[in-house]
Amino acid sequence: MADTSRERNRKRPHTRLGVVAASSLAGTAVEWYDFFLYGTASTLVFNKLYFPSHDPLVGTVLAFATYAVGFLARPLGAVVLGHLGDRKGRRSTLIASLLLMGASTFLIALLPTYEAVGVLAPLLLVVCRLVQGFALGGEWGGAVLLVSEHGGSARRAFWSSWPNVGPPLGNLLAAGVLAVLGSVMPSAQFLSWGWRIAFGLSAVLVLIGLWLRLYVAETPLFKEAPKPKGLPAGVVVREHWRSVLLAAATRFGENAGFYLFSLFVITYVTTVLKMDSSVGLTAVLVGQACAVVTIPLFALLADRIGRRPIYVVASVATIVWAFVFFALVDTRSPGLITVAVAGGLLIFAAYSSVIGAFFAELFPTEVRYSGVSLAYNLASVLAGSLAPIIAIGLYAKFGTGYAIGVYLAVMGLISLVASLIAKETKSVDLGSAAGKEEEVRASVD
C-alpha cells in the first residue's frame, strides 16, 4: 500500500515552487546556452568558416548579421507560441519551444562549411538561426509564468527571477564549453571540428530540460482563467499596448548592455585590442558567474522595496558604467577587463531580478503569455539584436570605444525614463482578469 502511494506521488506533476523554479531555470539555461553559443561562435568560428573575408571585421559583421536574424524571428515566436500558451497552456508550449531550440542547435553541429558547399552553408545557418529565434520568442514568457502563476505575491520577484538566471547560466555554459575546447586542442583543430562538439552537447542538455518540464504541473491560474476573446496577441495590441511599450522600454539598458558586456566584448578584445580570445572569454565567465549568484539576491530586495527602485538604480548605473567599461577595457589589463565585464553584468543582474515579476504583473491571466512575450521580444529586437552590429559600426567610424559608450548610455536613459514613468506593481494580484484589469492598467496610466 505504501509502495503504491509512493508510486502515485512520483507520477503526480509537481506544484512545489522549488521544483517549478528548477524546471523553468533548466529550460531557459538550455535554450540560452544554444542561443549564446551561436553568438560566441559568431566571433570565433562562423566569421571564418561561413563568412570568409579578407577583412576580419567584415566577416564578424556578417556573422553577427545572422545572429540578428534570429532576433527577427522572435516576435513571430512570441505571437505563435504566446497564442498556444494562452490557449493550450504554459507547460506544453514550453516543451515545444525547448524541442525546437534543441533540434536547430544540434543541426548546426552537422552543417557543412562555405568551403564545402559554398553559399548554401550560410543559408542553412540562417535557417537554423531563424528556428532558434522563433523558439526563444516564446520561451522566456512561459518560463516566467510557470513560476509566477504557481506562487503568491510575497516572494514573487524571488521565484520569478530564477528563469532569468537562465541567460547568464546558459552563456556561462556556452563560453565555458568553448573555452575548454579551445584550450585542450590546437586552434586549427578547434576551428575544423572541435567547435561542433559544443553544439552537439545541446542534445544532452535538451533531454535534461525536457525531463524536468514534463515533471511539473500546469499553472492553477491558467486553469481557472477564461479563454481570451479573439487572438491573444490581438487583444494585447488592442487593449494593453501601453503596457507592452513601457515594459519593452525598461529593458533597453539591460538588453543592449548584456549583449555588449557578454558578446561584443569578445570581439573588441580579439579584433580591436589584438589580445587572445581567452582574455575575453575568461572575463565573461567571471561576469556571468557573478550574475547567476546575484540575480536571486537582488530579487529578494525587490520583494521588500519594490520593482521600480531596482529599475531606476540599474538604469542610472548603466549610464555611468557605459563609459567606465571602455576606460577599463582599453587598459588591456586582463584583470581590469574582467572587472569591467563583471560590473556590467552585475547591473544586468539587477535588471533581471525584477523583469519577470514586473512583466507578469502588467497583464491579465488570459493574455499574459502573449503580453509578456511580445514586450520582452520587442525590446530584444530593438535593443539587443542590433547592439553588437551598432557597436562595430560606431567603432569603425569613430575609432574609440567611448562612441559605443554613448550608445549604451542612451539605452540606459530610455530605461530610466520608462522606469520613472512606471508605477509600482508588486501589490498587483495575478488572479484571473475578472476584476483585475483596471488594477493592471493603473500601473502604467
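The values are calculated or read from the model by the stated rules, or taken from the named source; none is laboratory data. What you are looking at is a predicted structure, and each value in this text was computed from that prediction instead of being measured. Methodologically, a virtual Cβ is constructed for each residue, glycine included, from the backbone with ideal geometry; neighbour enumeration extends over all protein chains shown. In case anyone asks, the SASA skips ligands and DNA or RNA and just uses the protein heavy atoms, side chains included. Shrake-Rupley method; radii C 1.70, N 1.55, O 1.52, S 1.80 Å.
Matching residues to (1) crowded, with 16+ Cβ neighbours inside 10 Å; (2) under 18 Å from residue 33 (Cβ atoms); (3) more than 25 Å from the chain's Cα centre (by Cα):
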site: 97; (1), (2), (3): yes, yes, no
site: 101; (1), (2), (3): yes, yes, no
site: 104; (1), (2), (3): yes, yes, no
site: 108; (1), (2), (3): yes, yes, no
site: 113; (1), (2), (3): yes, no, yes
site: 124; (1), (2), (3): yes, no, no
site: 132; (1), (2), (3): yes, yes, no
site: 135; (1), (2), (3): yes, yes, no
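The conditions of being part of a helix (DSSP H, G or I), of a type in the set (A, V, I, L, M, F, W, C) and either touching a Gly at 6+ places or on another chain (Cβ under 7 Å) or over 18 Å from residue 219 (Cα atoms) (or both) are not met by residue 146.
Look through 394, 378, 336 and report the one residue that is open to solvent by 30 Å² or more (accessible area, probe 1.4 Å) and in contact with a Pro (Cβ under 8 Å, 6 or more places away or on another chain).
Values: 394 fails: in contact with a Pro (Cβ under 8 Å, 6 or more places away or on another chain); 336 fails: in contact with a Pro (Cβ under 8 Å, 6 or more places away or on another chain).
So the residue among 394, 378, 336 that is open to solvent by 30 Å² or more (accessible area, probe 1.4 Å) and in contact with a Pro (Cβ under 8 Å, 6 or more places away or on another chain) is 378.
For (1) open to solvent by less than 40 Å² (accessible area, probe 1.4 Å); (2) over 17 Å from residue 172 (Cβ atoms), each residue gets a yes or a no:
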site: 274; (1), (2): no, yes
site: 287; (1), (2): yes, no
site: 290; (1), (2): no, no
site: 294; (1), (2): yes, no
site: 301; (1), (2): no, yes
site: 307; (1), (2): yes, yes
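Determine if region 346-355 includes at least one residue that is out of contact with any Cys (no Cβ under 8 Å at 6 or more places or on another chain), part of a helix (DSSP H, G or I), touching a residue at least 60 places away in the same chain (Cβ under 8 Å) and of a type in the set (Gly, Ala, Ser). Yes - at least one qualifying residue is present in region 346-355. Does residue 234 satisfy the criteria of being more than 30 Å from residue 330 (Cβ to Cβ), at pLDDT 90 or above and surrounded by fewer than 16 Cβ atoms within 10 Å (Cβ to Cβ)? When the stated conditions are applied, residue 234 passes them. State whether one or more residues within region 90-106 are over 30 Å from residue 431 (Cα atoms), touching a residue at least 24 places away in the same chain (Cβ under 8 Å) and outside any helix (DSSP H, G or I). No; the residues of region 90-106 include none that is over 30 Å from residue 431 (Cα atoms), touching a residue at least 24 places away in the same chain (Cβ under 8 Å) and outside any helix (DSSP H, G or I). When the residues of region 339-357 are filtered to those that are of a type in the set (Val, Ile, Thr) and open to solvent by 10 Å² or more (accessible area, probe 1.4 Å), the one that is nearest to residue 252 (Cα to Cα) is 347.
Got a number for residues in region 186-214 being surrounded by fewer than 16 Cβ atoms within 10 Å (Cβ to Cβ) and either in a loop (DSSP other than H, G, I, E, B) or outside the structural domain of residue 25 (by the TED database) (or both)?
As a first pass, look at region 186-214 and keep what is surrounded by fewer than 16 Cβ atoms within 10 Å (Cβ to Cβ): 186-189, 192-193, 197, 200, 203-204, 207-208, 211, 214.
Now restrict to residues that are either in a loop (DSSP other than H, G, I, E, B) or outside the structural domain of residue 25 (by the TED database) (or both): 186, 214.
Going through region 186-214 one residue at a time, the tally reaches 2.
Could you give me the residue pairs with C-beta distances under 9 Å whose first residue belongs to region 321-343 and is assigned by the TED database to the domain that holds residue 402, whose second residue is hydroxyl-bearing (Ser, Thr, Tyr) and open to solvent by less than 10 Å² (accessible area, probe 1.4 Å) wherever it lies, and which are 6+ apart or on separate chains? Here the result reads 326/268; 329/268; 341/262, each pair linking region 321-343 to a residue that is hydroxyl-bearing (Ser, Thr, Tyr) and open to solvent by less than 10 Å² (accessible area, probe 1.4 Å). Looking at region 153-172, which of the residues that are over 12 Å from the mean Cα position of the chain (by Cα), open to solvent by less than 50 Å² (accessible area, probe 1.4 Å) and of a type outside the set (A, V, I, L, M, F, W, C) is farthest from residue 205 (Cα to Cα)? Among them, the one singled out is 156.
Based on what the data block shows, is residue 80 open to solvent by 50 Å² or more (accessible area, probe 1.4 Å) and closer than 18 Å to residue 235 by Cβ? So residue 80 passes the test. Among the residues of region 428-444, are any open to solvent by less than 60 Å² (accessible area, probe 1.4 Å), modelled with pLDDT of 90 or more and either on the phi > 0 side of the Ramachandran plot or in contact with a Phe, Trp or Tyr (Cβ under 7 Å, 6 or more places away or on another chain) (or both)? No, region 428-444 contains no residue that is open to solvent by less than 60 Å² (accessible area, probe 1.4 Å), modelled with pLDDT of 90 or more and either on the phi > 0 side of the Ramachandran plot or in contact with a Phe, Trp or Tyr (Cβ under 7 Å, 6 or more places away or on another chain) (or both).
Restricting to region 107-118, and then to whatever is outside any loop (DSSP other than H, G, I, E, B) and without any contact (Cβ under 8 Å) to a residue 60 or more places away in the chain, can you tell me which residue is nearest to residue 208 (Cα to Cα)?
Taking region 107-118 first, the residues outside any loop (DSSP other than H, G, I, E, B) are 107-108, 114-117.
Subsequent filtering for residues that are without any contact (Cβ under 8 Å) to a residue 60 or more places away in the chain retains 107, 116-117.
Details: 107: 18, 116: 34, 117: 34 Å.
This residue is 107.
Here are some residues: 63, 41. Which one is of a type in the set (A, V, I, L, M), surrounded by 24 or more Cβ atoms within 10 Å (Cβ to Cβ) and at pLDDT below 80?
On the way: 41 fails: surrounded by 24 or more Cβ atoms within 10 Å (Cβ to Cβ).
Answer to the check: 63.
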